[in-house]
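S.K.: One structure, pasted below without further comment.
The values are calculated or read from the model by the stated rules, or taken from the named source; none is laboratory data. Remember, it's a predicted structure, so these values are computed and weren't measured experimentally. Here the Cβ is made from the backbone with ideal geometry for all residues, glycine too, and neighbour counts use every protein chain on show. With ligands, DNA and RNA removed, areas are computed over all heavy atoms of the protein, side chains included. Shrake-Rupley method; radii C 1.70, N 1.55, O 1.52, S 1.80 Å.
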Amino acid sequence: MPGQSGKRGLTRRQVVGAGGAAALGFAAPWRYAAAAKVAPMTIVINQSPWFDSFRKTVELYEKETGNHVELDVNPFAGSLEKQRNSVRAANGQYDLLIMNSGWVAEMYFGGFVEPIAAIDPSFKLDPDVYTLDNTVYFDADKKTMSASGKLMSVPISPLIPLLYYRGDLYKEAGLKAPETFAELEANAKKLHKPPSRYGIVQRGARGPATVSYDFYPYLYGFGGGIFKNQAAGDYTVTLNNEAGRTALDYYLRIAKEAGHPQTASLEQAEVIQNMLTGKAAHIMVVVSAWSQMDDPDKSAVVDKVEFAVTPHAEGFSTGPGLGHWLGGIARNVPDDRKRSALEFLRWFQTREAQLAYTKVGGIPVSAASYRDPIAQERRYRWMKPLGEALPHAVNIYQFPEASEVISILELGLNQAVAGNSTSVQALNSMAEQIFGVMSKRSYNTGKLPALL
Amino acid sequence: MTTSPRARSLIVHALLIAAALLVLIPVVWVVAAGFRTQISLLSGAFWFSPVLKNFNEVLFSKTSDFLVNYRNSLVVGTLSTLICLVAATLAAWSLNRMSWPRWFVHIFLGWALVFHMFPALALASAWFTIMRTVGLDNTLTAVVLAHTVLNLPMALWLMGVFVRDVPVELEEAARLDGATTPVLLWRIVLPIIAPGLAATGILTFVFSWNDFGVALTLTMKQTATVPVAIAKFAQDYEILYTQMAAAAALSILPALVLLIIGQRYIVAGLTQGAVK
Amino acid sequence: MKPSASAAAQMAAVVAEPSAPAGQPAAADFQRGLDERVWRWLTLSPALLLLLALSVLPLVNLFATSFFTVSWSGGHSSFAAAGLNNYRALAGDTLFRAGILNTILFALFAVGGQMLCGFVLALLCTGVTRGRLLYRTIFILPILVPGIVVGAIWKLLLNFDFGLVNQAIALVGIDPLNWLGSANTALASVIFVDIWHWTPFCFLLFLAGLQSLPQDVYEAAKIDGASGWQELTYVTLPMMLPTIMVTFAFRLVLAFKVFDEVYLLTGGGPGTSTQVMSFTLYQRFFREDQTGYGSAMSVAIIFMTCILLSAALAARGRMGAAK
């Protein structure tokens, strides 16, 4: 590959270039670059549709600073296991861990992530960077992720679900974007023309975090929740309260009356495929799928899809569940590599880097990008709703054993969607099992009386 | 039964062709998918105008290390097969023809069997820890060793049968002529078990070529094998079917070549010993 | 060629009958004894070392871990003794129970189907002269496809909305079926895919077996005027029995470990209808990171497979004795 072999030489030249640019006062945030020529480091990340934008951004960093970054890209299946293997070894392979919301707690609680102040006490998180329900912080004493804790990571990709809807169909039918669940239901029913088109396609399959992740915007948008107050350490199970029941009943009802006939077996990739092939009028999936919608090689609905904040019930606000990625620095690597990782994060959170990240297809983590004129462009039409939704994003789990709870929800919700149990049976049974897990781990937990 | 031989042969061919189609259609369909665009595949249209984009991306794009993965897979497959064959053949011969106590033979082979039944998944992270401790993590050596030991029980079992087929009298005669053990193994045993070695070797290679779980755990960017690379196309919320298909089509190639050249030996080898 | 003599259903039985010492001639002198002692260790050592380092060590470790609960804090692990609790918890684990049941169903039907298909194909293949090589190459093809790719291919072929299979059955007027998504068909679909993937293995072994059958028996049968069916049931099948047992044992062991296909095809769902044992293990051990409990589950799985295999061997032993 000729491009590859010439890269290193180019990089050196770029160092000089970056230095020159800094000297001209051209790029204030790059002054770090000229100052901090640091050791090479390794970032572990998983292959995903947004990875390419991150790779391009990392290449830009290399070009501007002359620092060398190795990216170890893993298939999504097994990426957590590889991170675990590394952080549990005496000496880690990976310096910067790109952690998913699903395992951030495990990494914080296990002591695998070095608090940023321990590497550089002067480091400040840019005030424009979203803290995503305070998941960048960890309070080791109270064992909670809250602003009272230490800064542990910098957001890399602020993924949450958005409502995707077919703008062309809306125009034809004279509808307006739904804000509440009642409006969504009415619109979905109106556009439901099975089998050629479904009003809404939901992700009801059982998987690692599949149907549960699809259900969170409903649960939180109706004012429900799995626990009473995790940030305060109160793990009383509230899944089976009235709000939970309303949410699940609603979820099952639109699946039945305006949804795909096989909802119980659909995974996210298939939900997105339904939108791409023009078979879905609405879907509620992670924002980063936007790039597929306008790609003519992948989509039959180019320029026809619009984006909105996930709906909420009257009197509540939107409650999208976080499925985001955070960059944390491994504890078990040499100090110079920790500093290298931190230099990258320092650069990554700048306004300029974030804008560059956006332009190559990334989802920016800084509010500055959302204020930028770029957010008004047609291509970036998802930015406005995303910027509105991010402050409301909910961190669903704040304890390391979350995967056991997710496993319970996946089975229970899938059974309810498949019609093997009623919403009340499913909620009661899930709540009981979750209570069991939490009390086994001696959390401060409790349960509500069973729904009737 | 009074069907004429001709009619009978027609029926047999019809059945064989039907089965061949059942096998081929998915494979052909995958290869064809490698030449399609994602939306053409997903909308289920039958006809499509072929594009080379997927193969281009898999082989030459900046993010893809497919050629490196390919080389890694070839190296790992070849070396682990060789080591596995040598170790298994020697061990099988030793257990068979040397005076080991019976209990020892039973424990050895019994253990190999238990190990063979064990889900490799549960061993992968233990292997990672071991390799990391001895400084072999992220090396092809680690994967070679892991694949060798993973396929050792199967090879041991197959080679055991072949070795048993070597006439004891022949070995005794050679001993009386003063042959030392290496000479005996090289001159007498090896020629007789050669077809068996070929058959076992090809199976071992194919198993190594296809392993995903162990290779994933033990490798990083520079040492990843083909299945690990292919798995990257099955992403969280987007399966890049067409690129995956192109990669899969490419991955079948070497095993296919090996099989076409080697199937004579496989069948001959297996016929000679393993399963009579 | 006596089938019972070479009935090699498993290695221990096959390789374990030491043939050399029995025929030890009196001429065995001191030199030979030395040679024996040195070389028997030398020849065994590569395999022995590999197994010791990479199988005994991790498995012993796993066994020990199964009596603890492992947790991590401050970057270090702590082991809390759990006694037999991990093993006790297995009984109440719905996913584990479903896993056992589905694995047994899966293994029996998938292996049975593969053996049947492989046998018929091998039989048909030996019956033709023209195109035999081509057929053989085609029938071997599926084992060359990596398991993860097989999973991805069939997931797409069986897709409800745009899969090739539903398009094909629509041509003959059948409504589309949700092959992988409905609890009634999911396990059957996974079994079908496994049959597609692994029939070649059985086919190969059976083909080799059939080709090594002595031709004179068939000629004798022909002279006696045996029909094709009689030839099959009275000559071919009995003589093939050892091969069939070998293949069965071999495939059964691998079927108990099935993972790659299930992982991509269904992920254990819908509900628990395709939850197989190794998938439960993966989920508890890795995804949920319950190291101690996962180890206990691994040990339990080995234990159960051992029991099953000894039962199969005992049955074979009785059959062998009855002959």
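S.K.: Label residue B:47 and residue C:60 with points 7 Å out from Cα along Cα→Cβ: what is the distance between them in nm?
M.R.: Each label point lies 7 Å from its Cα, and together they span 6.8 nm.
S.K.: While we're here: Would you work out which of C:209, B:222, A:316 lies farthest towards the positive end of the dipole of the protein assembly as shown, given +1 charges on the beta-carbon of Lys and Arg and -1 on that of Asp and Glu, about the Cα centre?
M.R.: C:209
S.K.: Could you pull out the GluC sites (Glu not before Pro) across the stretch A:310-368 that fall in loop regions by DSSP (anything but H, G, I, E, B) with no more than 13 other Cβ atoms inside 10 Å?
M.R.: Counting only loop positions with at most 13 other Cβ atoms within 10 Å, the GluC sites (Glu not before Pro) in the stretch A:310-368 are A:314.
S.K.: Give me the dipole magnitude in Debye, nearest 20, for the protein assembly as shown about the Cα centre, with unit charges on the beta carbon: positive for Lys and Arg, negative for Asp and Glu.
M.R.: 1000 debye
S.K.: Calculate the all-directions average of the projected area of the stretch A:36-97's alpha-carbon convex hull, and give it in nm².
M.R.: 4.4 nm²
S.K.: Over chain B, what is the mean sequence separation of C-alpha contacts under 8 Å (at least six apart), divided by residue count, expressed as relative contact order in percent?
M.R.: Relative contact order here is 31 percent.
S.K.: What Kirkwood hydrodynamic radius, in Å, does the protein assembly as shown give when the mean of 1/r is taken over all pairs of distinct Cα atoms and then inverted?
M.R.: Values: mean 1/r = 0.0323 Å⁻¹.
It is 31.0 Å.
S.K.: Just to be sure I follow the definition: excluding the sites themselves, where is the longest run in chain B that has none of the chymotrypsin sites (Phe, Trp or Tyr not before Pro) in a DSSP loop with at most 12 other Cβ atoms within 10 Å?
M.R.: Here the longest run is B:48-276.
S.K.: Over chain C, what portion of Cα pair distances is larger than 26 Å, expressed as a whole percent?
M.R.: Pairs farther apart than 26 Å: 63 percent.
S.K.: Between chains C and B, what is the buried accessible area in Å², counting both sides, with a 1.4 Å probe and ligands, DNA and RNA left out, to the nearest 100?
M.R.: Values: alone 19490 and 16830 Å², together 26790 Å².
For chain C against chain B, roughly 9500 Å² becomes buried.
S.K.: Right, here's the next one. Any idea how far apart residue B:17 and residue B:129 come out in nm if each label point goes 7 Å out from Cα toward Cβ?
M.R.: Using points 7 Å along Cα→Cβ, the separation is 5.9 nm.
S.K.: Now for a different question. Check each residue of the stretch C:184-206 and keep those whose accessible area, probe 1.4 Å, is at least 50 Å² smaller with all protein chains in place than in the chain alone; give them in order of residue number.
M.R.: C:196, C:204, C:205
S.K.: Using only DSSP helix segments of four residues or longer, with each worth -39500 (n - 2.57), what per-residue ellipticity at 222 nm results for chain B after dividing by its residue count and rounding to 500?
M.R.: Details: 12 runs with 199 residues, N = 276.
The per-residue figure over chain B is -24000 deg cm²/dmol.
S.K.: Related question: Please state the charge dipole magnitude for the stretch C:87-322, taken about the Cα centre, from unit charges on C-beta atoms (+1 on K and R, -1 on D and E), reported in debye and rounded to the nearest 20. Mind showing how you got there, number by number?
M.R.: Numbers: 13 positive and 12 negative charges, 66 e Å.
The calculated dipole for the stretch C:87-322 is roughly 320 debye.
S.K.: If the convex hull of the alpha-carbon atoms of the stretch C:149-242 is projected onto planes in all directions, what is the mean projected area in square nanometres?
M.R.: For the stretch C:149-242, the mean projected area of the Cα convex hull comes to 9.2 nm².
S.K.: Sticking with this structure for a sec: What are the trypsin sites (Lys or Arg not before Pro) within the stretch A:385-452 that DSSP puts in a loop, where the Cβ has at most 15 other Cβ atoms within 10 Å?
M.R.: Here the trypsin sites (Lys or Arg not before Pro) that fit, given the DSSP loop and packing criteria, are A:441.
S.K.: While we're on this one: To test your reading of the geometry: what angle, between 0 and 90 degrees and rounded to tens, separates the Cα axis of helix B:121-133 from the longest principal axis of chain B?
M.R.: 80 degrees
S.K.: Same structure again: Can you give the calculated 222 nm mean residue ellipticity of chain C, where each DSSP H run of n ≥ 4 adds -39,500 (n - 2.57) and the sum is split over every residue, rounded to the nearest 500 deg cm²/dmol?
M.R.: -20500 deg cm²/dmol
S.K.: Report, in debye and to the nearest 20, how large the dipole of the stretch B:63-274 comes out about its Cα centre when Lys and Arg carry +1 and Asp and Glu carry -1 on their Cβ.
M.R.: It comes to approximately 140 debye.
S.K.: Next up: Can you tell which of B:157, B:138, B:82 lies farthest toward the positive end of the dipole of the stretch B:52-177, using +1 and -1 charges on the Cβ of basic and acidic side chains (Lys, Arg; Asp, Glu)?
M.R.: About the Cα centre, the residue reaching furthest to the positive side is B:138.
S.K.: With the contact rule set at Cα under 8 Å and sequence spacing of 6 or more, what percent relative contact order holds for the stretch A:237-330?
M.R.: 14 percent
S.K.: Another question, if that's okay. Averaging over every viewing direction, what projected area does the convex hull of the Cα atoms of chain A cover, in nm²?
M.R.: Values: hull surface 88.7 nm².
Average projection, Cα convex hull of chain A: 22.2 nm².
S.K.: Starting from the exponent 0.38 and prefactor 2.2 Å, build the expected Rg for the stretch B:63-274 from its residue count and divide its actual Cα Rg by it.
M.R.: For the stretch B:63-274, the normalised Cα radius of gyration comes out at 1.16.
S.K.: Can I ask one more? Could you tell me the relative contact order of the stretch C:87-322? Use alpha-carbon pairs under 8 Å, at least six residues apart, and round to a whole percent.
M.R.: 31 percent
S.K.: Just flag the trypsin sites (Lys or Arg not before Pro) in the stretch A:103-198 sitting in loop per DSSP whose Cβ has no more than 14 other Cβ atoms within 10 Å. All intermediate terms of the calculation are to be shown ahead of the outcome.
M.R.: On the way: sites: A:124, A:142, A:143, A:150, A:166, A:171, A:176, A:189, A:190, A:197; in loops: A:124, A:142, A:143, A:176.
The qualifying sites are A:124, A:142, A:176.
S.K.: For chain C, return all DSSP H helices satisfying: extent of Cα atoms along own axis at least 30 Å; mean Kyte-Doolittle hydropathy at least 0.0.
M.R.: C:30-51, C:94-127, C:186-211, C:291-322
S.K.: Kindly state, to the nearest 0.05, the FRET efficiency for residue A:190 paired with residue A:440, given R0 = 41 Å and r defined as their beta-carbon distance.
M.R.: Working: r = 47 Å, r/R0 = 1.15.
The computed FRET efficiency comes out at 0.30.
S.K.: From the C-alpha gyration tensor of the stretch B:175-214, pull out the three semi-axes of the equivalent ellipsoid (sqrt of 5λ each), sorted largest to smallest, in whole Å.
M.R.: 33, 11, 4
S.K.: Which residue, C:150, C:110, C:304, has the largest displacement toward the positive end of the dipole of the stretch C:87-322 when charges sit on each Cβ (Lys, Arg +1; Asp, Glu -1)?
M.R.: Selected residue: C:304.
S.K.: Given A:63/A:384; A:124/A:359; A:37/A:359; A:279/B:221; A:56/A:124, which pairs have Cα atoms separated by over 28 Å?
M.R.: A:63/A:384; A:279/B:221
S.K.: Another question, then. Skip the ligands, DNA and RNA, and give the accessible area per residue of the protein assembly as shown with a 1.4 Å probe, whole Å².
M.R.: Per residue, the protein assembly as shown has an accessible area of 38 Å².
S.K.: Provide the FRET efficiency to the nearest 0.05 for the residue B:172-residue C:93 pair, computing r from the beta carbons and using R0 = 60 Å.
M.R.: 0.60
S.K.: Now for a separate question. Keeping all protein chains in position, work out how much accessible area residue A:59 exposes to a 1.4 Å probe, and write it in Å² to the nearest 10.
M.R.: Counting only protein heavy atoms, the figure is 50 Å².
S.K.: Kindly express, to the nearest 10 degrees and within the range 0 to 90, the angle between helix B:190-210's C-alpha long axis and the longest C-alpha principal axis of chain B.
M.R.: Rounded to the nearest ten degrees, it is 30.
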